[in-house]
1. Working only within the range 302-317, note down all residues that are surrounded by 18 or more Cβ atoms within 10 Å (Cβ to Cβ) and in a strand (DSSP E or B).
2. Please work out if Ala190 is closer than 30 Å to Val367 by Cα, at pLDDT 85 or above and among the small types (Gly, Ala, Ser).
3. If you take the residues of the range 174-219 that are touching a Ser or Thr at 6+ places or on another chain (Cβ under 6 Å) and farther than 19 Å from Thr231 by Cβ, which of them is surrounded by the most Cβ atoms within 10 Å (Cβ to Cβ)?
4. Report, by residue number, each residue of the range 277-289 that is surrounded by fewer than 18 Cβ atoms within 10 Å (Cβ to Cβ) and not in a loop (DSSP other than H, G, I, E, B).
Amino acid sequence: MNTAVNANVVHESEAQRQHARVKIPAKLRFFGPDRTPVEARVIDLSAGGLAFNAGQLPLKEGDVYKARLQFVIDNLGLAMDVELQVRSFDRQTGRAGCQFQNLEPQDISTLRHLITSHLAGDLVSIGEMLATLQRDNFTKARKNKDGGHGMSAFGRMKAVTFSIGIFIVGLAAFGFIFKSVYGMYFVSHAQAGLVSVPGVNITMPRDGTVQSLVKGDGVAAKGAPLATFSTSMLDVLKGHLEDDQLSPAKVEELFGKQMTGTLTSPCDCTVAQQMVANGQYASKGDVIFQLVPRNTEANVEARFSYRQFGDVLPGTAVRFQIAGEDKTRTGKIVSSTSLKSADLSSDIRVLIQPDEALDSTLAGRPVEVNSDRGPNLNWLIDKAMAAGL
């Protein structure tokens, strides 16, 4: 059996005309190559072009002319301004074949209506032409439904990367919203908090000036000198002198004399803060130093709003973070009191005992305290038990 393929065989659909040509009475007016007006008879017409008898005009293939195509409908003239490009020209017969250029949608609709009506044998009226021009005779191009098979590998990778990026952004936004809503409804935040250690205050025994003796590390052993103070001898003897001893000369003499003393540490402590600067005058009873006993465990004090009363009861577990640290610690509320015991207050002060011992050197640092009570699922459990699950 001969299976050879004849390469010269062409299917009729490959050689058929793109547009049907019909012979419609029409005239064509345009300016020739020498700018002289020309009126020619149209031989045949299609939606893509026309042919007319050019006579002896010296037309050239590729030349473009602006012309007016005229029809007669219901004894009325219909003119169309068109742009023609000469595609073929026979000098012996004078036949010129032209192709339309840059036709407007309305012109295309008019030509197709004229050609279709002529082929069907229908009479063309002005009313039909107006109706044709008023409606939209064009549709949008069909979308490509190849499912992305026409995309290159780089294009598909770019599309997948973009989709993953959009998914990650959406997931992050959902997580942020969920965290915000959870923190708003299920987490109680303290208004303020700090690390507290039971401290000792060193006060000024008499009126005078102070000079600190504390070392740079701020550590003071029990009985170690903390500071020296100087006071006037007159202040020391005040209340112990008789009237005959209070002569102006005696008072001036006693005022000029100074008595010095030493302030010592009552415990093995660390100086947390010096309240009076060196050389500054202090009155009797003023706090000079605030001491913190060494090797003692620190606690956390926090202040909550009274609206959070049910969330900060003694025994409630809390989480807190100390300023300057990255980790989050846990603890338990051991006491809950009003901020002002002698008056009604809108604030509650709680004392938190950390699960992990805190160094006393952290005393005074601010703390962020949260009480995470979580969603209440008791109603769901009750319903499940009632249903016998």
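1. Ala302, Phe304
2. Against the criterion (closer than 30 Å to Val367 by Cα, at pLDDT 85 or above and among the small types (Gly, Ala, Ser)), Ala190 does not qualify.
3. Among residues in the range 174-219 that are touching a Ser or Thr at 6+ places or on another chain (Cβ under 6 Å) and farther than 19 Å from Thr231 by Cβ, the one surrounded by the most Cβ atoms within 10 Å (Cβ to Cβ) is Val197.
4. Tyr281, Val287 - these are the residues of the range 277-289 that are surrounded by fewer than 18 Cβ atoms within 10 Å (Cβ to Cβ) and not in a loop (DSSP other than H, G, I, E, B).
The values are calculated or read from the model by the stated rules, or taken from the named source; none is laboratory data. Bear in mind that the values here come from a model prediction, so they are computed numbers and not experimental data. Reconstructed Cβ throughout: ideal geometry from the backbone, glycine too, with neighbour counts over all protein chains shown.
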